[in-house]
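Accompanying notes for the structure given below.
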Amino acid sequence: GAGVSQSPSNKVTEKGKDVELRCDPISGHTALYWYRQSLGQGLEFLIYFQGNSAPDKSGLPSDRFSAERTGGSVSTLTIQRTQQEDSAVYLCASSLEGRHQETQYFGPGTRLLVL
Amino acid sequence: DQQVKQNSPSLSVQEGRISILNCDYTNSMFDYFLWYKKYPAEGPTFLISISSIKDKNEDGRFTVFLNKSAKHLSLHIVPSQPGDSAVYFCAASDAGTASKLTFGTGTRLQVTL
């Protein structure tokens, strides 16, 4: 029984470059979430997918951030023209149906460092 | 605007004693609360939750207490074990924005021998 997986585990990039972060949710989970944790901060919600649709994008910090999900499974978070303040751990979570009070299961995260 | 607050960044407890981790919230719409545990280089792992219709939920060594009038919850770990050393995050959600969790900044618990 595989859990949520994310790749890469670590990413170092130069300011101004684009990066793509990948998330593979638990098989059969229709809901997928992206969060990020900046240094010394709690987890901050970015976006929620139900199937391939994103009914809640309210946490995306700027238009440099985008995400998609294909086939109701894998999701990619893209950050364009990265800035140093984008450095953080990006965490993906999935849940069975995205209902209220449903447990979200997290992946190990991608540690992004923008130089 | 920090809607979920964990005011103690760290806590040290001796093995076998009780660990009490605290969490305060400001949004009265929150009706479901969770605790997650996080080891270094791993994702958060769900620990225990409580609905606002209850004031206590227990699971083995872990008990969560909710005081709605004070907008305060706490996690009790009894007895504490060295393997409990981790960062603990409090999180909350409300039915109106069911898709997302709002997290506190975490409390690092160290259980010493």
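Please compute the per residue accessible area over segment B:4-112 with all protein chains in place, 1.4 Å probe, rounded to a whole number of Å².
Details: 4920 Å² over 109 residues.
So segment B:4-112 comes to 45 Å² accessible per residue, rounded to a whole number.
For the set A:63, A:56, B:55, the ranking by accessible area, highest first and with no ligand, DNA or RNA atoms included, is A:63, B:55, A:56 under a 1.4 Å probe.
Just to confirm my numbers, what's the Cα centroid distance between segment B:52-111 and segment A:52-115 in Å? So the separation of the two Cα centres works out to 24 Å. Could you tell me the total accessible area buried at the B-A interface, probe 1.4 Å, in square angstrom to the nearest hundred? Summed over both sides, the interface buries about 1700 Å². Suppose every Lys and Arg Cβ carries +1 and every Asp and Glu Cβ carries -1, with no other charges. What dipole size does the protein assembly as shown come out with about its Cα centre, to the nearest 20 debye? Using Cβ point charges on Lys, Arg, Asp and Glu, the protein assembly as shown gives about 260 debye.
Under a 1.4 angstrom probe, counting protein chains only, how are A:100, A:29 ranked by accessible area, largest first? Walk me through the numbers on the way to the answer.
Values: A:100 50, A:29 20 Å².
Reading off the accessible areas and sorting them downward yields A:100, A:29.
Once the 1.4 Å probe is applied to the protein heavy atoms, segment A:1-58 comes out at 52 Å² accessible per residue.
Within the assembled protein chains, the solvent-accessible surface assigned to residue B:112 is about 40 Å², based on a 1.4 Å probe. Using a 1.4 Å probe on the heavy atoms of the protein chains only, list every residue of segment B:10-47 that has 20 Å² or more less accessible area in the complete assembly than in its chain alone. Residues losing area: B:32, B:36, B:38, B:41, B:43, B:44, B:46. Approximating the spin labels as points 7 Å out from Cα along Cα→Cβ, the residue A:62-to-residue B:27 distance works out to 2.4 nm.
Quick one: which of A:17/B:5; A:11/B:71; B:5/B:56; B:56/B:100 span more than 28 angstrom between C-alpha atoms? Over 28 Å apart, Cα to Cα: A:17/B:5; A:11/B:71.
Spin-label model, residue A:103 to residue B:1: label points 7 Å out along the Cα-to-beta-carbon direction sit 3.2 nm apart.
3J(HN,Hα) couplings calculated from phi for segment B:55-66 with the Karplus curve 6.51 cos²θ - 1.76 cosθ + 1.60 (θ = phi - 60°) are, in sequence order, 10, 7, 9, 10, 8, x, 7, 10, 9, 10, 10, 10 Hz; Gly and Pro show x. What a 1.4 Å probe finds exposed on segment A:1-97 is 44% carbon and sulfur by accessible area, rounded to a whole percent.
Distance between the C-alpha centres of segment A:9-24 and segment B:15-50: 29 Å, rounded to the whole angstrom.
Gain on full extension, evaluated as 0.36 nm per residue between residue B:54 and residue B:74 minus their Cα-Cα distance, stands at 5.9 nm.
The values are calculated or read from the model by the stated rules, or taken from the named source; none is laboratory data. Remember, it's a predicted structure, so these values are computed and weren't measured experimentally. Ideal geometry is used to build each Cβ from the backbone, glycine not excepted, and the neighbour counts take in all protein chains shown. The protein model used for the area step is the full one, side chains on, heavy atoms only, and it has no ligands, DNA or RNA in it. Shrake-Rupley method; radii C 1.70, N 1.55, O 1.52, S 1.80 Å.
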